[in-house]
Amino acid sequence: MKKTKVILLTIIASISCVSLFGQYTEEDIYAYIERYKEPAINKMYEYKIPASITIAQGIFESACGMSHLAKDGNNHFGIKCHKEWEGDTILIDDDELQECFRKYATVEESFNDHSLFLKTRPRYSGLFELDVMDYAGWAKGLKAAGYATNPEYANRLIRLIETYHIARLDTLYQERLANGYFKNYPDVHPEQTSVKEPEKPAVQPVPANDDSRISPEPAKPHKPHKPAKQHTDNPTAKPANSQPANPPAQKQPAKPAPAPTPTPAPAQESATSSAADANEATEVAVREEKPTALTVFSALKGEYPRADYPFTDRDVYVNNRTLFVIAEKGDTYAKIARDVQDKEARIKKYNDVTGNAKLKVGQVVYIERKNSACKEPYYKVVNAESMLYVAQKCAISLKKLCKYNNIPETEKLKKDRMLKLQK
């Protein structure tokens, strides 16, 4: 009975992880827009910040309100504490461990502080010289002012706004303004105006090559498995990670598949492949049963739950609450980085890769930072595996894995050895 209970709890935990970290759907985006459009429009009146920009940043930074920071801190814009903050705080692992972020009593407070953050910092003063209806100019201005260092930040905001017709909120603001809706501000209510909001348009997939208004490469909203990396007040800060991006071109969002039935451990690639094979990115993964010095962790489609992640054409899966893709013929780290709108160096860092490493077909490539621990406390070495292989298989930081076990990355592991996966 006890064993059955443990199995059931494990299944429930797995399902919960998929739900929480499987990102968000188009329905979630529309729900976020509808839920927070009124405070965004009100802030547009009060601070002259486009409502479309406020909503797009909220989607981008908070993963539609589903990030840890948004859920536990009501912080939808990733604003860190900074020395002048005197309110409540919440500590979250970001670029550094246990970084300080602002914590709000309500989401509305987060919207208020976001507006004040932009309005009171001189670096953003140039934005308020732009037309309040110029969402594209605002998106580019935010990027230029250092709100985020990711080179695609402006494009992603623009594509979010255009794909989901968020600019209709800016138009609604103008109509309300003309009708005297704000004369009793802040005591205003949507039912007081005769203005009718446009019907929510049907989703219009963005053509794969529709780059005429943005960039040579189609920009996609940020990956939100985790939410986008929160910005700092430092223009040279690391790029935002995580986040939303654009719906896949000419493709409906992937629906999360139910957790697969237990299968043998993911097939693995032997490090004893020939030297010629090792240098071929298109080499089919070698899968052997006999113990080998395994270093490359691979998987087959269907071995892990799919993530409902509509912002890339690639199939995305989840392991230990961490999103990954499976390398295909012709893939490189640079190509995968472009596909998920990230940098090659960051993708390599997520996978503990250095130098000019090449991929093999079937290889697991994480598209966000691996976790610092696993829900299972230990891992039993199956074959003569490497530490890197175990780190990839368990979706855990290689550095943390070595620290927990007090052994170097180069340690040779023997079959049946028990490794700690938690502190």
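The values are calculated or read from the model by the stated rules, or taken from the named source; none is laboratory data. Small disclaimer: the values here were computed from a predicted structure and weren't measured. Please note: Cβ atoms are built from the backbone with ideal geometry, for glycine as well, and neighbour counts cover all protein chains shown.
Of note:
- Scanning the range 106-127 for residues that are within 18 Å of K37 (Cβ to Cβ) and not in a helix (DSSP H, G or I) gives a single hit, T106.
- Qualifying residue in the range 362-383 (condition: more than 22 Å from K412 (Cβ to Cβ), of a type in the set (S, T, Y) and assigned to a strand (DSSP E or B)): yes
- Checking each residue of the range 400-417 against the condition of being under 30 Å from D28 (Cβ atoms) and either in the same structural domain as I59 (by TED's automatic domain parsing) or hydroxyl-bearing (S, T, Y) (or both) gives no match.
- Qualifying residue in the range 346-364 (condition: touching a Cys at 6+ places or on another chain (Cβ under 7 Å), in the same structural domain as T410 (by TED's automatic domain parsing) and either surrounded by fewer than 21 Cβ atoms within 10 Å (Cβ to Cβ) or free of Cβ contacts under 8 Å to residues at least 24 places away in the same chain (or both)): no
- Residue check for G73: at pLDDT 90 or above and over 30 Å from H189 (Cβ atoms): no
- Restricting the range 182-199 to residues that are assigned to a loop (DSSP other than H, G, I, E, B) and surrounded by 10 or more Cβ atoms within 10 Å (Cβ to Cβ), the residue that is modelled with the highest pLDDT: Y185
- Subset of the range 325-345 (residues that are over 24 Å from N155 (Cβ atoms) and either of a type in the set (S, T, Y) or crowded, with 19+ Cβ neighbours inside 10 Å (or both)): I326, A327
Yes/no matrix, rows are residues, columns are (1) touching a strand residue (DSSP E or B) at 6+ places or on another chain (Cβ under 9 Å); (2) free of Cβ contacts under 8 Å to residues at least 60 places away in the same chain; (3) not charged (D, E, K, R):
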| residue | (1), (2), (3) |
| --- | --- |
| E27 | no, yes, no |
| Y30 | no, no, yes |
| Y36 | no, no, yes |
| K43 | no, no, no |
| A51 | no, no, yes |
| Q57 | no, no, yes |
| E61 | no, no, no |
| G73 | yes, yes, yes |
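- Annotation note: of T89, T106, T149, the sole residue that is more than 29 Å from T25 (Cβ to Cβ) and either hydroxyl-bearing (S, T, Y) or in the same structural domain as T322 (by TED's automatic domain parsing) (or both) is T89.
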